[in-house]
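Chemist: Just dropping this structure here.
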Number of protein chains: 2
Amino acid sequence: MHLRSIAATIALAAGAALAATAIAQTSPPSSPLDEPITPILPPKQIDLGKAELGKKLFFDPRLSKSGFISCNSCHNLSMGGSDNLPTSIGDRWQRGPINSPTVLNSSLNVAQFWDGRAQDLQEQAGGPIANPAEMAFSHTLAVDMLASIPAYVREFRQVFGVNTKIELEQVTAAIAEFEKTLVTPNSRFDQWLLGKADALTPDELEGYKLFKESGCIACHNGEAVGGNSFQKMGIVEPYKGEPAEGRAAVTGKDADRFSFKVPTLRNVELTYPYFHDGAAQTLAEAVDIMGRIQLGRHYSKEENDKIVAFLRTLTGDQPTIILPILPPSSDLTPRPKPFD
Amino acid sequence: MHLRSIAATIALAAGAALAATAIAQTSPPSSPLDEPITPILPPKQIDLGKAELGKKLFFDPRLSKSGFISCNSCHNLSMGGSDNLPTSIGDRWQRGPINSPTVLNSSLNVAQFWDGRAQDLQEQAGGPIANPAEMAFSHTLAVDMLASIPAYVREFRQVFGVNTKIELEQVTAAIAEFEKTLVTPNSRFDQWLLGKADALTPDELEGYKLFKESGCIACHNGEAVGGNSFQKMGIVEPYKGEPAEGRAAVTGKDADRFSFKVPTLRNVELTYPYFHDGAAQTLAEAVDIMGRIQLGRHYSKEENDKIVAFLRTLTGDQPTIILPILPPSSDLTPRPKPFD
């Protein structure tokens, strides 16, 4: 089933490319390489068996102590790969410390988590499972749970070899492989980058021009329109919010306090509320605050509207996910403990 | 996309019917009408637009106060339409009073909820949204939330007419229409009923014979193998569990205390743990307890194994669900309040 989703992604991207070729005859030539934002490319070299297993694990709440919270609870693929809450809800309804970043296009990030403490998706995937404030399980218990379910054991063998004994490293590798498929090509902005000159309205194009000229592009650039650097929150004016350690937690440097990974702006229309603390509810508010505290720029209502209009063109095709059917627990599977 | 899932369901059922015809030439004729269990039939007269809207609502956690709990949280379509917990987790991690029944094949139930207090799926759908221990929202707030989202407003107009102002009745009608599609045809048992003589092993057939002869079939019969009557829990021996009001909450009759709607046994392999209190973790345990307290029958290990083997043949094709992409909140949409 997963093949179908990936095939669709590729077909759409190919369609966009063909459209670009066709239009190049009549429109002024447009070269994506001239822009600081580049189109999202479909994923390459995906191991489909591993990704399909990873999809099951991504949706399986038995990786949590309660049996109620899965990766998809806070990175909901119905809602832009996020939970649309200021901070997430963890085991026993604990309030998380930080806004849940979108899983969409997260393979393009330079590192994972707001402070970049995980090098890649695989390293990230192990974190929430064992975090007492999130899924509140342990890696050992997660592996034991999976090993008690014959259909999982068979699927791990199929993917990792017939003599496999399930290990955490395989669990996180499979989840990461699935997450690599979660890209969102074919946004209207990418259609424009690829040569469809009428894909954007004049207001949206003016918004993009403002976005570049006023300096947003300095941090929000590249394929993910962000995600590729760490920056201080509050360069010109201090950010009004709770103190936060940010990147300093990783580097140990005082200068990195309140420094965070720049979030991707891909699908930003879907990933509200904004910032590490989820304090900005709307795009208008986020653009206003960013302009002031990062650039010393006070956008007029009209300018703000145009930048927001541009940002909405970054919503790409959302991954087509066929809900996995999870293999049932066996009589030997330890039962979840939501209330212990 | 939903069309595809329904078309697949129909194609499978048609395939099974054709197989039955083909086999009828060489196998002893088998008439489903001779058995007290009848095959699940694909749904008829589905309004696809309404069902597709209902699918979005079923997966939308914004129908809860917290923005975290959707219908699918407790009726998880990855896990047999249940949450596989003894009792559900509600708003602020409240412990629910009763086991969450499967939504699969629930259109076949004589009434909804364990005590049958809702006449049909539409009446049921409104319950959890406004239950302070479940989704903890209100019907007014739910409707206001939907009315603030332009893409929802358009979809309600498309389904219910261009002058529609969203009402709870439409919300629940759409959810109910989606739930009507959640049937699970083509189990191995149904294949056998429809003429595929070798669909069951000798042990499974003996299990079915025992299931009939020892009296389970008196309550677990028909298309859903249950769901069509109310029965007292503990006819021969009292059930050892917390006191429960059961059907008496609806009828007001003392005699109906500890009486519940007989649950469907379709997909019972997936809907553990069992009983209204989720106290039986395994099928073996459930069969043992039911035999003793309902029938005065102490099954041997071998008999128990055979009945369980039969029960596992009732797992049908799970609905193919393409995860809906939910329309984003607008700037005017009230934000969820998970921690207030």
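What follows is calculated from the coordinates using simple rules that are stated; it is not laboratory data. Since the model is a prediction, treat every value here as computed from it, not as a measurement. Ideal geometry is used to build each Cβ from the backbone, glycine not excepted, and the neighbour counts take in all protein chains shown.
Chemist: As I understand it, the value is the acute angle between the Cα axis of helix A:168-180 and the longest principal axis of the Cα atoms of chain A; what does it come to in degrees, rounded to 10?
Modeler: Computed tilt is about 30 degrees.
Chemist: Counting DSSP beta bridges in the protein assembly as shown, what percent are antiparallel, to the nearest 5?
Modeler: 80 percent
Chemist: Let me ask you something else. Relative to the compact-globule scaling 2.2 N^0.38 Å, provide the ratio for the alpha-carbon radius of gyration of region A:270-329.
Modeler: With N residues counted in region A:270-329, Rg over 2.2 N^0.38 Å equals 1.65.
Chemist: Please determine, in degrees from 0 to 90 and to the nearest 10, the orientation of helix A:121-130 with respect to the longest principal axis defined by the Cα atoms of chain A, where the helix direction is its Cα long axis.
Modeler: 60 degrees
Chemist: So, one more: Return the average number of partner chain Cβ atoms within 10 angstrom of each residue Cβ along peptide A:292-304.
Modeler: Mean number of neighbouring Cβ atoms from other chains: 0.
Chemist: Go through region A:38-45 residue by residue and turn each phi into a ³J(HN,Hα) via Karplus (6.51, -1.76, 1.60, θ = phi - 60°); whole Hz please, and just put x for glycine and proline.
Modeler: Working through the residues one at a time gives 10, x, 6, 9, x, x, 10, 6 Hz.
Chemist: On a full-extension model of 0.36 nm per residue, what is the gain between B:Ile217 and B:Arg117, subtracting their alpha-carbon distance, rounded to one decimal in nm?
Modeler: 33.6 nm
Chemist: Can you give me the long-range amide H partners of A:Ser259? Hydrogens built in the peptide plane at 1.01 Å from N, cutoff under 5 Å, separation of 5 or more residues or another chain.
Modeler: The list, which skips near neighbours in sequence, is A:Met233, A:Arg247, A:Ala248.
Chemist: Subtract the Cα-Cα distance of B:Asn163 and B:Trp93 from 0.36 nm times their separation in residues, and report this length gain in nm to one decimal.
Modeler: Length gained between B:Asn163 and B:Trp93: 21.3 nm.
Chemist: Next question. Between copies, how far apart are the B:Trp93 label points? List them in nm, one decimal, shortest first, with each point 7 Å from Cα toward Cβ, please?
Modeler: Result for B:Trp93, in nm, nearest copy first: 0.9.
Chemist: Smallest Cβ-to-axis distance in chain B, for the rotation taking B to A: which residue, how many Å?
Modeler: B:Trp93, 2
Chemist: Further question: Select from B:Leu182, B:Leu314, B:Leu326 the residue whose mean-square fluctuation is largest in a Gaussian network model of chain B (Cα-Cα springs shorter than 10 Å).
Modeler: Answer for the Gaussian network model of chain B: B:Leu326.
Chemist: Here is a further query. May I ask you to report, in nm to one decimal and beginning with the shortest, the distances from B:Arg154 to the same position in the other copies, taking label points 7 Å along Cα-to-Cβ?
Modeler: Output for B:Arg154: 4.4 nm, nearest copy listed first.
Chemist: Between 0 and 90 degrees, rounded to the nearest ten: what's the tilt of helix B:48-59 against the longest Cα principal axis of chain B?
Modeler: 80 degrees
Chemist: Can you tell me the length gained on complete extension of the stretch B:Asp34 to B:His298, counting 0.36 nm per residue apart and subtracting the Cα distance?
Modeler: Length gained between B:Asp34 and B:His298: 92.2 nm.
Chemist: Let me ask another. Ranking request for peptides B:159-165, A:281-287: highest mean number of other beta-carbon atoms within 10 Å first, then the rest in descending order.
Modeler: A:281-287, B:159-165
Chemist: Right, something else. Taking every residue in A:77-89, how many Cβ atoms of other protein chains lie within 10 Å of its Cβ, on average?
Modeler: 5
Chemist: Here is the link list: A:Lys50/B:Lys65; B:Lys56/B:Lys209; B:Lys55/B:Lys196; A:Lys301/B:Lys50; A:Lys50/A:Lys209; B:Lys50/B:Lys261. Which ones come out longer than 31 Å on Cα distance?
Modeler: A:Lys50/B:Lys65; B:Lys56/B:Lys209; B:Lys55/B:Lys196; A:Lys301/B:Lys50; A:Lys50/A:Lys209
Chemist: Pick out which of A:Pro86, A:Pro132, A:Pro101 has the largest mean-square fluctuation in a Gaussian network model of chain A, springs linking Cα atoms closer than 10 Å.
Modeler: Looking only at A:Pro86, A:Pro132, A:Pro101, the biggest GNM fluctuation is shown by A:Pro132.
Chemist: So, in Å, what gap is there between the alpha-carbon centers of region A:55-75 and region B:173-204?
Modeler: For region A:55-75 versus region B:173-204, the Cα centre distance is 28 Å.
Chemist: Spelling out what I want: for every residue of region A:327-340, take phi, set θ = phi - 60°, compute 6.51 cos²θ - 1.76 cosθ + 1.60 (Karplus), and round to whole Hz; glycine and proline get x.
Modeler: With the stated coefficients, region A:327-340 comes to x, x, 4, 8, 4, 8, 5, x, 7, x, 10, x, 10, 7 Hz.
Chemist: A further question on this structure: Limiting things to C-alpha atoms, what are the Rg and the maximum Cα-Cα separation (Dmax) for the protein assembly as shown, in angstroms?
Modeler: 26.8, 85
Chemist: DSSP beta bridges in chain B, what fraction antiparallel, as a percent rounded to 5?
Modeler: Close to 80 percent.
Chemist: Something else now. Using only Cα atoms, what is the ratio of the radius of gyration of chain A to 2.2 N^0.38 Å?
Modeler: My calculation over the Cα atoms of chain A gives 1.05.
Chemist: Ok, one more. To one decimal in nm, how far is A:Ala249 from the same spot in the other copies, if labels go 7 Å from Cα toward Cβ? Please give the shortest first.
Modeler: With the label placed 7 Å along Cα→Cβ, A:Ala249 yields 4.2 nm.
Chemist: Here is a follow-up. Please tell me the relative contact order of region B:76-170 in percent, rounded to the nearest whole number, where contacts are Cα pairs under 8 Å and at least six residues apart.
Modeler: So the answer I get is 17 percent.
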